[in-house]
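The values are calculated or read from the model by the stated rules, or taken from the named source; none is laboratory data. None of the values given here were measured: they were computed from a predicted structure. Cβ placement follows ideal geometry from the backbone for every residue including glycine, while neighbour counts extend to all protein chains displayed. Ligands, DNA and RNA are excluded from the accessible area calculation, which covers all protein heavy atoms including side chains. Shrake-Rupley method; radii C 1.70, N 1.55, O 1.52, S 1.80 Å.
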Protein chains: 4
Amino acid sequence: MSIKKGILIVIKENFHGVFPYLVSPIDTSGEVKCDVLEQLCEDLISVGVHGLTPLGSTGEFAYLSWPQRQRIVEVVIKAAKGRVPVVAGVASTTITDAVTQARTFEQLGCDGILAILESYFPISEDGVYAYFKAIAEAVSIPIVLYTNPSFQRSDLSIPVIERLSHISNIRYLKDASSNTGRLLSILNCVQGRMEIFAASAHIPACVMLLGGVGWMAGPACIAPKQSVELYEICRQGAWEEAMKLQRSLWILNQSFVKYNLAACIKGGLELQGYSVGSPLLPQSPLSPEGFLEIKRALVTIGAL
Amino acid sequence: MSIKKGILIVIKENFHGVFPYLVSPIDTSGEVKCDVLEQLCEDLISVGVHGLTPLGSTGEFAYLSWPQRQRIVEVVIKAAKGRVPVVAGVASTTITDAVTQARTFEQLGCDGILAILESYFPISEDGVYAYFKAIAEAVSIPIVLYTNPSFQRSDLSIPVIERLSHISNIRYLKDASSNTGRLLSILNCVQGRMEIFAASAHIPACVMLLGGVGWMAGPACIAPKQSVELYEICRQGAWEEAMKLQRSLWILNQSFVKYNLAACIKGGLELQGYSVGSPLLPQSPLSPEGFLEIKRALVTIGAL
Amino acid sequence: MSIKKGILIVIKENFHGVFPYLVSPIDTSGEVKCDVLEQLCEDLISVGVHGLTPLGSTGEFAYLSWPQRQRIVEVVIKAAKGRVPVVAGVASTTITDAVTQARTFEQLGCDGILAILESYFPISEDGVYAYFKAIAEAVSIPIVLYTNPSFQRSDLSIPVIERLSHISNIRYLKDASSNTGRLLSILNCVQGRMEIFAASAHIPACVMLLGGVGWMAGPACIAPKQSVELYEICRQGAWEEAMKLQRSLWILNQSFVKYNLAACIKGGLELQGYSVGSPLLPQSPLSPEGFLEIKRALVTIGAL
Amino acid sequence: MSIKKGILIVIKENFHGVFPYLVSPIDTSGEVKCDVLEQLCEDLISVGVHGLTPLGSTGEFAYLSWPQRQRIVEVVIKAAKGRVPVVAGVASTTITDAVTQARTFEQLGCDGILAILESYFPISEDGVYAYFKAIAEAVSIPIVLYTNPSFQRSDLSIPVIERLSHISNIRYLKDASSNTGRLLSILNCVQGRMEIFAASAHIPACVMLLGGVGWMAGPACIAPKQSVELYEICRQGAWEEAMKLQRSLWILNQSFVKYNLAACIKGGLELQGYSVGSPLLPQSPLSPEGFLEIKRALVTIGAL
């Protein structure tokens, strides 16, 4: 239940929990490897993840054509079979294109939109606001704002987030800034109008303690069982137990930050038997040392 | 004449002189305003520019769909009527897509490719090399490498430029780094295998003195006559006279750097009577103060 | 108790808890306002802070002469009367000077050194290691490494921290990076050879949950009672209660990050009746809006 | 001759030409190696440099104590014997300290002050203005503003430079930004109230063509004869000949940018027989590859 501008909006199910960022398996001819992606979705759901997020950073949205993006969303929705919400990434430099993407994904059956602003030139605060507002108004499903200052040229300032929090279906934020204090400042500022998901740059257990509702992250794709376990312990308020598990799982995030995100998760999935391939060129595949490090991390945490 | 790996390649006409970066006039329904673009090209050629460059930064390549990009290139080629070379911007995050763009533009009749690497994640030196090499090998027309560290996430290092300079049709570099010393370092390094064009962040007269062959820049689109005059004075080696003219023209570059590039040049062209409109949303149009400043600059240099 | 290279070192009292960063009150003739500083120390100790930290960032070490620095340390040691440990900031660009400072402070009676590397040119990893090692070996008291990437030109990498953690009296780290995940990575890496203090850029309650031992921060200087209360709740493991208090106290950190740190804390102390004055010129004093914001924050949390 | 606020100020000799940035030779006990420094000054003057600049970046001002700084200035003034002007670096974080330094250097007999703002926290535009104004008003000798955005935390904006240009004895700027276009913008802005010296990050011959009056730079310390020759050719307006020489000399600047500035110039001087030693610890001495590269460069340009 979320309160917006005095209007009570009842939403059957709020997004919460572990939403793995899905990789995008593409074969050498540019086709989506549907069977691999379906199997991955099926396995993730079977161990209890709470949602699926295609076309995030880890999903290489910035490297995929529009037909590839649509195909991936179709496959994920089909695989989910309504068991968990599917929140797909919409990313563009222009409002027109972003609105088209969002409408298409809603029509395909997505349960939410992860909204991303790409930019080449700097964009004014009003321009940033207009972009996300236009996406929100183009659809009736919930919007998750996504900001990643490491890779996107335009960041979401706290004043813009505050303004956006008053739009009724802008209901979540996933902030990948690595600055956890910023999350607390945002929570203090949006006063319940928006919920927060952690990114892999934050410590999920800390964000849960702050009042977060879960995390959307690449590493959850290769450690889904452990992630769900951590989430449950957090929900029970067993914070010291949570931190103990968190501390051991953190080695995955430590590796993640050292390598190309997509290469890292694709490499880990390959080790787990999913033939997802490498990231699209000219991105590099995971290096041999990277494979070793990920392998060691997965073995340590019991995910291989 | 350019010497590559001991092989003598004779090219009928080398690129040189003033290549205005063309804006991309788009109407509210997303259509390219062909008549406006054609008229602009005609007028630029009539005052003596030496080439036309659609789909550079000023041309908002990062904000245009693939059909819009193709249409713009078609219109410019048609307008040029073979009188001056057309060098169109190819920009992508993936090798596959960049190769498709380059081949299409060659088939449309372009005389050269301005090659741009977009990226989301950091790309390794080998990845950067592979990207530009693939574009060069996909076509038989000359390639101009373009690097703009202000807006593109990936810069071209001098060692990568040196490696690329050995590929026979990679023959030019346009560097928008604002570091003029870097240009001299590059010239020292490529030893005649590659020629250099200045960007608006460099002082054209200085780059000409260094041994540059011209400039590719947005401001040349609104001050083409003055730019051509400056080029001619430089070619005559009248450096102090050149610097005198350069100094007065520089106010345009000073304004240019303060505003969104596309907004600035589109604003200047509107003042000159071309209904090119504003940059695509969520970019902001030129502000009222920006219009005043550009107007004053154009009047001062005799371009309005 | 801390384990180093298999040797068991028993230290009577480990540093832990709330260490306010003290401001440096200087009058217009350049003299340290000793009475004001003594009164502040007395009041902080009386509400239960666990240590005192002169010459941190908030203490304007970078703006003080060597005689002023010595005087401040003398005054604080005298005021502390051995009731709480005094950990003074040593900061220099050269090893020679840093060693002199550290030895002097030990002789004056300091209980620990907060070691800071200033730099003008980039320093190699080996140079960074050599600097901190030299300070540690020059004294027999414990060393707290301090890194603040916002203001210091040289950051401490995790590999260098790991190397330094093997030196027996390098026992603490205060990291002001704002990246809380980095703290967990460091904790995973130093394996008990080093303890961690939060900075004002981190959420103290989160760092305590991670296994931190307290915080060294400017805001604790103007909210000492509330800080001590938060620390006690964290120590009891009442994490949700802690987070509730933390959330209300956070507004102070939100203000702190917006203004010059020294101006902010000096302004807050002036509001509380300590005539500490303004930061040294050309730093600006706290602006009128800053005063209003700090006043509001202090009233809200019950510190005014 | 320089015109300030309508008042004609005639200065016997304006600063112009090649001002080498002197290194600071310090022995292991911390003493200035006076004989080495004197010999270097003597030799530089004998090949025709137009001024001497102790305590610039290359002179490691940021690594020297106040007594060391004074000693170096004394030695240089004594060595110069009034044959060329001595312009010494004043650098501090506080106005009080900077004023003391400037007055002391004037009393020691300096002909000008190279004014540098060090900072830890960001400084407002008004604070930056106040700092430089206070130095200028404390002495009657000319001031050279020095800004180096690579190493100093605070840059000089063009509006602040414009304001400062109205103070009568602020007569020169040395800008080490690497952005040569910025120099032309500044020249357009200060309208003759201030002259410009190039730094090693700019191409001296280009800056001369722009209207600069010379350069203050570390490389001139190891290639003084060649630098003076280049200056003379520029003064004669033989720009293409100048650029030819410039192009060959540039390899020194290319090396300079790759290594610690002080290490690089100290290394080069050691190769030339001056026992200036290494930079102060924890700075690294020039690496063996660095020595090889500098040696090769010096041989190529005829300076070894």
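The stretch A:25-184 gives an Rg/Rh value of 0.96, both radii derived from C-alpha positions and Rh following Kirkwood. Each copy carries a label point for B:V47 at 7 Å from Cα along the beta-carbon vector; from one copy to the others these points are 4.8, 6.4, 6.8 nm apart, nearest first. Under the criterion of Cα pairs below 8 Å and six or more residues apart, the relative contact order for chain B equals 18 percent. Taking all protein chains together, A:S287, B:S150 sort by accessible area into B:S150, A:S287, largest first [probe 1.4 Å].
Computed on protein heavy atoms with a 1.4 Å probe, the accessible areas place A:K225, D:K133, B:K295, C:K174 in the order A:K225, B:K295, D:K133, C:K174, largest first.
Computed from point charges on the beta carbon alone (+1 for Lys and Arg, -1 for Asp and Glu), the dipole magnitude for the stretch C:14-250 about its Cα centre is near 280 Debye. The solvent-accessible area of A:F15, taken with every protein chain present and a 1.4 Å probe, is close to 10 Å². Distances between copies of B:R296, taken at a point 7 Å out from Cα along the Cα→Cβ vector and listed shortest first: 3.6, 5.1, 6.2 nm. Calculate the tail of P(r) for chain A: the fraction of all Cα-Cα distances greater than 34 Å, expressed in %. It works out to 14 percent of all Cα pairs. Rounded to the nearest 5, the antiparallel percentage of DSSP beta bridges internal to the stretch C:14-250 is 5%.
Taking the alpha-carbon centroid of each part, what is the distance from the stretch C:55-99 to the stretch C:254-289 in angstrom? Centre-to-centre distance over Cα atoms comes out at 20 Å. Residue and whole-Å distance for the chain B Cβ lying nearest the axis of the B-onto-A rotation are B:R153, 4.
Which pairs, out of B:K33/B:K174; B:K174/B:K295; A:K81/A:K225; A:K33/A:K81; B:K266/B:K295; D:K225/D:K295, put more than 23 Å between their alpha-carbon atoms? Listed pairs above 23 Å: B:K33/B:K174; B:K174/B:K295. Compactness of the protein assembly as shown was expressed as the Cα radius of gyration divided by 2.2 N^0.38 Å, which yields 0.96. Summary for B:R103: label point 7 Å along Cα→Cβ; distances to the equivalent points in the other copies, ascending, 3.2, 7.3, 7.7 nm. With a 1.4 Å probe rolled over the protein heavy atoms of all chains, the accessible area of D:D126, A:D155 falls in the order D:D126, A:D155, largest first.
Counting, for every residue in A:201-213, the Cβ atoms of other protein chains within 10 Å of its Cβ and taking the mean gives 4. Taken along the Cα-to-beta-carbon direction at a fixed 7 Å, the label points for B:K81 and B:E38 span 1.1 nm. Counting each DSSP H run of 4 or more residues in chain B as -39500 (n - 2.57), what helix-only mean residue ellipticity at 222 nm follows after dividing by all residues, to the nearest 500 deg cm²/dmol? Value at 222 nm, helices only: -14000 deg cm²/dmol.
For the stretch C:156-304, compute Rh as the Kirkwood radius over C-alpha pairs and then the Stokes-Einstein diffusion coefficient at 4 °C and 1.567 mPa s; write the answer in µm²/s, rounded to an integer. Calculated translational D: 79 µm²/s. Taking the 1.4 Å solvent-accessible surface of chain C as the whole, the part contributed by carbon and sulfur is 53%.
With a Förster radius of 45 Å applied to the beta-carbon distance between C:K258 and A:K244, the computed FRET efficiency rounds to 0.80. Secondary structure note: in the protein assembly as shown, about 15% of the DSSP beta bridges are antiparallel.
With a 10 Å cut-off around each Cβ of A:57-65, the average count of Cβ atoms from other chains is 4. Within the shell defined by Cβ-Cβ distances under 15 Å, the residues around D:V32 carry a net charge of -1, with Lys and Arg each +1 and Asp and Glu each -1. For D:L108 and B:R235, the FRET efficiency from 1/(1 + (r/R0)^6), where r spans their Cβ atoms and R0 equals 45 Å, is about 0.30.
Spacing of the modelled spin labels on D:T300 and B:T100, each 7 Å from Cα toward Cβ, amounts to 4.4 nm. For the stretch D:14-250, the residue among D:I167, D:T28, D:A130 whose Cα projects farthest onto the positive side of the dipole built from Cβ charges is D:I167.
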